[in-house]
Amino acid sequence: MRTAWRNLLALAAVLGLAGTVGAQQPAGPRTLKMQSTWPASLTLQDNFRFFAERVDKLTGGQLKIEALAAGQIVPPFEILDATHKKVIDGGHGISYYWVGKNKAATLFSNTPAGIAGMDHMDWMGWIYEGGGLEMWWDFYQKELKLNVIAFPILPSSPQALGWFKRPIKNLADFKGMKCRQTGIVAEIYQRMGMQTVNMPGGEIVPSAQRGVIDCAEWVGGIEDLRLGLPQVWKYHYTPGMHESASIGELIINSEVWQSLPAQQQEAIRSATTETFLRWWVKWQRQNADAIEEMRTKYGTQILRTPPAILTAFFQAWDEIAKEESAKNPFFKKVLDSQRAYASKVVPAKRFMFPPYSFAADYYWPEAKKGAAKAKK
């Protein structure tokens, strides 16, 4: 009898252990429904899709991301509130879209002008080594009172000044034009004399064709080509300082984030970083091909932005940043943190890194005006 009893106890223990192990196993693949602010045809959306593919593979198919394009669930500029309310689980966009809620939003996209001269890698250093990510999460959760967290994912820059229906030779030519601009950049250009209109990317070409706007800033290169901008305007100016190193975001509802197992959270962290790099290097080649196609197929005139416009941009931004810092403590806190980080890395990097133009001019010198005539 004792032997039989011991056997029953052992069997019960085994069955109990099996039940425990079974309970620890994933219930099955989970899908997060996320939406971007981008039209489906753009490479900005390719960034989002690549992220979804990486999460799928890094989690062995246990976590899937449904990477929806702009408007598939909510309008493009409503993804932040929709993420907070769990209408969607997350979104893919850029934080300067939310400056209407708090102007500190622009600082978490490294705009305008790259904060205090920081490029993409400098700003990523501030995010991961200088306390920036914690400030970003505090911005959404404590300042805006939203159930949202964020990660950098989209290095869609440097961006061009934009497209114009006529040439611009100086700041006077710039004034009075009605142009599509977004975020804090719109306010800066207004101070410089431009009339601005805020609209999603998908509305730019139809508005240009109807004569509603005289110019537009979008991205540059492959994005502008895919959007159809070379078919409505011929004058394309670069560079622009408004998004010299801008970086987009992946946002996730904070309750959804907390509900994920630690391994899946780490998979998302890793996937955002890999997406940042892999998409970026591919995008630079796509931009190079697009510039050539603009010139040869559409006759686009790609022109250098007059320096006076870029300088006036810096001056207008400095005024706005000073005014906002005086009345917005959180804006000042973030900007001071970024400037402190930039004060170390930017001067050091300028000392250590050779100018890009030095080797570029040696191997790929730009054609000088009048050189062709001189050879004849």
Do you know which residues across segment 134-164 are open to solvent by 20 Å² or more (accessible area, probe 1.4 Å) and on the phi < 0 side of the Ramachandran plot?
-> E134, M135, W137, D138, Q141, K142, E143, L144, N147, P158
Output the number of residues of segment 240-275 satisfying the condition of being out of contact with any strand residue (DSSP E or B) (no Cβ under 8 Å at 6 or more places or on another chain), of a type outside the set (G, A, S) and surrounded by fewer than 24 Cβ atoms within 10 Å (Cβ to Cβ).
-> 9
Provide a single number: the residues in segment 195-213 that are at pLDDT 90 or above, open to solvent by less than 30 Å² (accessible area, probe 1.4 Å) and part of a loop (DSSP other than H, G, I, E, B).
-> 1
Taking segment 68-127 and keeping only residues that are open to solvent by less than 10 Å² (accessible area, probe 1.4 Å) and part of a strand (DSSP E or B), one is left with G90, G91, H92, G93
Among the residues of segment 327-364, write down those that are in contact with a helix residue (DSSP H, G or I) (Cβ under 8 Å, 6 or more places away or on another chain) and aliphatic (A, V, I, L, M).
-> V334, L335, A342, V345, V346
Within segment 320-357, the residues that are open to solvent by 100 Å² or more (accessible area, probe 1.4 Å), within 29 Å of G162 (Cα to Cα) and not in a loop (DSSP other than H, G, I, E, B) are K322, R339, R350, Y356
When (1) within 15 Å of F313 (Cβ to Cβ); (2) part of a strand (DSSP E or B) are applied to A186, the one that fails is (2)
Only one of these is without any contact (Cβ under 8 Å) to a residue 24 or more places away in the chain and farther than 30 Å from Q231 by Cβ: A262, A271. Name it.
-> A262
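Test E223 against the criterion of being within 30 Å of N253 (Cα to Cα), open to solvent by 10 Å² or more (accessible area, probe 1.4 Å), assigned to a helix (DSSP H, G or I) and of a type in the set (D, E, K, R), and give yes or no. Talk me through it step by step, then tell me what you get.
Details: within 30 Å of N253 (Cα to Cα): yes; open to solvent by 10 Å² or more (accessible area, probe 1.4 Å): no; assigned to a helix (DSSP H, G or I): yes; of a type in the set (D, E, K, R): yes.
Answer is no for this residue.
Give the residues of segment 304-319 that are surrounded by 16 or more Cβ atoms within 10 Å (Cβ to Cβ) and either at pLDDT 95 or above or under 14 Å from A116 (Cβ atoms) (or both), sorted by residue number. Reasoning before the result, please.
We begin by selecting, within segment 304-319, every residue surrounded by 16 or more Cβ atoms within 10 Å (Cβ to Cβ); these are 305-306, 309-310, 312-313, 316-317.
If the condition is that a residue be surrounded by 16 or more Cβ atoms within 10 Å (Cβ to Cβ) and either at pLDDT 95 or above or under 14 Å from A116 (Cβ atoms) (or both), then W317 is the only one that fits.
For (1) without any contact (Cβ under 8 Å) to a residue 24 or more places away in the chain; (2) over 14 Å from S337 (Cα atoms); (3) in contact with a Gly (Cβ under 9 Å, 6 or more places away or on another chain), each residue gets a yes or a no:
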{"residue": "A116", "(1), (2), (3)": "no, no, no"}
{"residue": "D119", "(1), (2), (3)": "no, yes, no"}
{"residue": "G125", "(1), (2), (3)": "no, no, yes"}
{"residue": "G130", "(1), (2), (3)": "no, no, no"}
{"residue": "L133", "(1), (2), (3)": "yes, no, no"}
{"residue": "Y140", "(1), (2), (3)": "no, yes, no"}
{"residue": "L146", "(1), (2), (3)": "no, yes, no"}
{"residue": "A150", "(1), (2), (3)": "no, yes, no"}
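Of the residues G183, G248, which single one is at pLDDT 95 or above and under 19 Å from the mean Cα position of the chain (by Cα)?
On the way: G183 fails: at pLDDT 95 or above.
Answer to the check: G248.
The values are calculated or read from the model by the stated rules, or taken from the named source; none is laboratory data. All values derive from a computational prediction rather than experimental measurement. So basically every Cβ, Gly included, is an ideal-geometry build from the backbone, and we count neighbours across all protein chains shown. Side chains are part of the model used for accessible areas, which takes the heavy atoms of the whole protein and leaves out ligands, DNA and RNA. Shrake-Rupley method; radii C 1.70, N 1.55, O 1.52, S 1.80 Å.
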